[in-house]
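Q: There's a structure below that I have some questions on.
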Amino acid sequence: MSVKVLITKSYDELSKKAAEIVASTIRNKPNLVLGLATGGTPMGCYRELIRMHREEGLDFSEVVTFNLDEYIGLSPDHPQSYRYFMDENLFRHVNIRMENTHVPDGMSKDPRKTCEEYEDAIRKVGRIDLQLLGIGSNGHIAFNEPSSPFDSRTRVVSLSERTIKDNARFFKSIDEVPRQALSMGMGTTTEARKIILLASGAGKAEAVAKSVEGKITTDVPASVLQKHPDCTFILDEEAASKLSGKVTKF
Ligand code: F6R
């Protein structure tokens, strides 16, 4: 098995492709269970989904979402919390029911229990139908940093130095970047029926090449996706620049 690779000309095209896949999957299954990512990469896709909702009537009223992760210690009204990100960049612009949106609670007094409850909530709706992923420059997916076990579940994780540096661009200073997060596990994430991973820019090229063409190893978490039966990487040309070219394109 291998991942499929779709190389687009620009970030804009990548975003539109991703949004088209999400939209057609929602049209086929209005009560879709959708796994969502935050960060810079999916923002264009979310903008396009909002446009489709406004101009084409894309209906989120029965969609249920689960986000990958949340920083520990950031409340939902903190501008860098992932709950705030989702509300601002997608949820409040479409007709999704807020009670159908799930983001782990980074302020929980009992994070362990919160993680178990998150797994239970996913189990209750069955399985994630479509999971949107980004990728860290170190190959992480969600906040599963290198060496995360492939069968890990939602849990408290520590961010790697590289991720802290990468994410400092969203904060006033690197000291403000939380050091820990709640993250869906590798096992949780890869159980989704269908996965699309988005990567843009030269900074992701090495992680993408290793994940698509390298050895399957916990050193490069996204390499596990090679074993998934339905996983597509949607890349722009820069993110695809280190692939050997022997990948399955479509
Ligand atoms: C975000 C997440 C992360 C990001 C990754 C890439 O919910 O789980 O794995 O997808 O760090 O982030 P960006 O898109 O900002 O480069």
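Q: For a quick check of your reading of the model, give me the residue pairs whose first member lies in the range 81-94 and is within 14 Å of Gly40 (Cα to Cα), whose second is surrounded by fewer than 17 Cβ atoms within 10 Å (Cβ to Cβ) and polar (S, T, N, Q), with beta-carbon atoms closer than 7 Å and at least 6 apart or on different chains.
A: Ser81/Ser75
Q: Among the candidates Arg47, Arg83, Arg51, which residue alone is within 14 Å of the chain's Cα centre (by Cα) and farther than 19 Å from Ile195 by Cβ?
A: So the residue among Arg47, Arg83, Arg51 that is within 14 Å of the chain's Cα centre (by Cα) and farther than 19 Å from Ile195 by Cβ is Arg83.
Q: Please specify each residue of the range 118-143 satisfying the condition of being touching an Asp or Glu at 6+ places or on another chain (Cβ under 9 Å), farther than 16 Å from Met86 by Cβ and either outside any loop (DSSP other than H, G, I, E, B) or within 16 Å of the ligand (Cβ to nearest atom) (or both).
A: Residues satisfying the conditions are Ile122, Gly136, Ser137, Asn138, Gly139.
Q: Of everything in the range 54-80 that's acidic (Asp, Glu) and either at pLDDT below 95 or over 17 Å from Asn28 (Cα atoms) (or both), which residue is nearest to the chain's Cα centre (by Cα)?
A: Asp69
Q: Any chance the range 91-106 includes a residue that's under 30 Å from Ala202 (Cα atoms) and within 13 Å of the ligand (Cβ to nearest atom)?
A: yes
Q: Are any of the residues in the range 109-120 touching a strand residue (DSSP E or B) at 6+ places or on another chain (Cβ under 6 Å) and modelled with pLDDT of 95 or more?
A: Yes: one or more hits.
Q: I need the full set of residues from the range 67-81 which are more than 11 Å from the ligand (Cβ to nearest atom) and not aliphatic (A, V, I, L, M), in order please.
A: Matches in the range 67-81: Gly73, Ser75, Pro76, Asp77, His78, Pro79, Gln80, Ser81.
The values are calculated or read from the model by the stated rules, or taken from the named source; none is laboratory data. Please read these numbers as outputs of a predicted model, since none were measured by experiment. Ideal geometry is used to build each Cβ from the backbone, glycine not excepted, and the neighbour counts take in all protein chains shown.
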